[in-house]
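Step one of this worksheet: look at the structure below.
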């Protein structure tokens, strides 16, 4: 900046001397004054003021100091005094000159007002140990943030230990949150993810942490009911043997409570008709290889597939979109497994206490889904009214059918679903097709 100004002043002085030598003194003074004004205006017009923040004792390149300019990768950015880096050793506001130069050589100067503060390491907030049930995908970044000493949000990473080969396995897994400390190092914070194994018993098990106490206390009460529930069809065991289940955490209960084997489970918590294709969230290994939902269905080649998915859709997508997505899912299954008999189950009701899930929305989704599936006119797609089974013909989930959180189902309810399903499948002569 100083060099540019000095060169301009010298040019003005030389011009003034030449005019004076010609004897035009008045004209010379006016010309010099005009040249000085023009020069001053040109200098001022080429300088833009910027603001920046820096920490004391930390070295910065011009690009690091002026991050907004550095976003343009075609610009060369440097300090006016040609220094490679600048370290600020005093607190308070300081100024520094920088320049940018484009590929054509056009150079622009800037005056940067830098606020220098005490050096502080970035601080993580919200890091905590996480507990999930096996099959659920934790959001490791939810509720976590990190800020620099100026209060700016910083990007950070979170990773499992490098030697942790199966972070979905039951047990505790170490995770590390990391952020650049601005001085060539990292600030790290550790936490754990505890994956709870789903323990299968003859009556009930733990599906969610909120359901655990209720499942345990209702085990004895439901045991007699489960034993007394006579099979409504002679083919219940045949259907169970062939049944593969795809869907969300409610569908996962068939596996969690031991009604179908792990190899027949293609269901996971948080999965929805709007996101089941997201392999960063949902993969399955029924054949020993991690696969997407649809690839897993194709690999298993089910003769009988039970589809139950939608509780995670109703508060995010409208009923028509849900119905369209449901039909899209069924069409993909039909294309991948042409001979499969598909059970299209509707969304189950919640307990009245779960005001965050509207049964009106659930019914709207179910009604439009049913109409859309019927319009497919596929004889091997069978609608199943799981809602009526779980509500026992009422509006909300029947008393005692819940697992404690007002959303998931107690273990014995899955036997009732299977009994009702068997009756429905018998109506279509499915037993003879398996």
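Just so you know, all these numbers are worked out from the coordinates, no wet-lab data involved. Quick caveat, the model's predicted, so the values are computed rather than measured. Glycine also receives a Cβ, built like all others from the backbone with ideal geometry; neighbour counts cover every protein chain displayed.
In the calculated pair-distance distribution of segment 209-433, the portion above 26 angstrom amounts to 32 percent of the Cα-Cα pairs.
The ranking of 254, 357 by Cβ neighbour count inside 10 Å, starting from the fewest, reads 357, 254. Among 386-392, 281-287, sorting by the average number of other beta carbon atoms lying within 10 angstrom of each residue, highest first, gives 386-392, 281-287.
Can you give the direction-averaged projected area of the convex hull of the alpha-carbon atoms in segment 123-196, in nm²? Taking a quarter of the hull surface, the average projection is 5.1 nm². Taking all C-alpha pairs of segment 387-432, those more than 12 Å from each other amount to 63 percent. Taking other C-beta atoms within 10 Å as the exposure proxy, 145, 280 rank 280, 145 from fewest upward. For segment 209-433, the antiparallel share of DSSP beta bridges with both residues in that region comes to about 10%.
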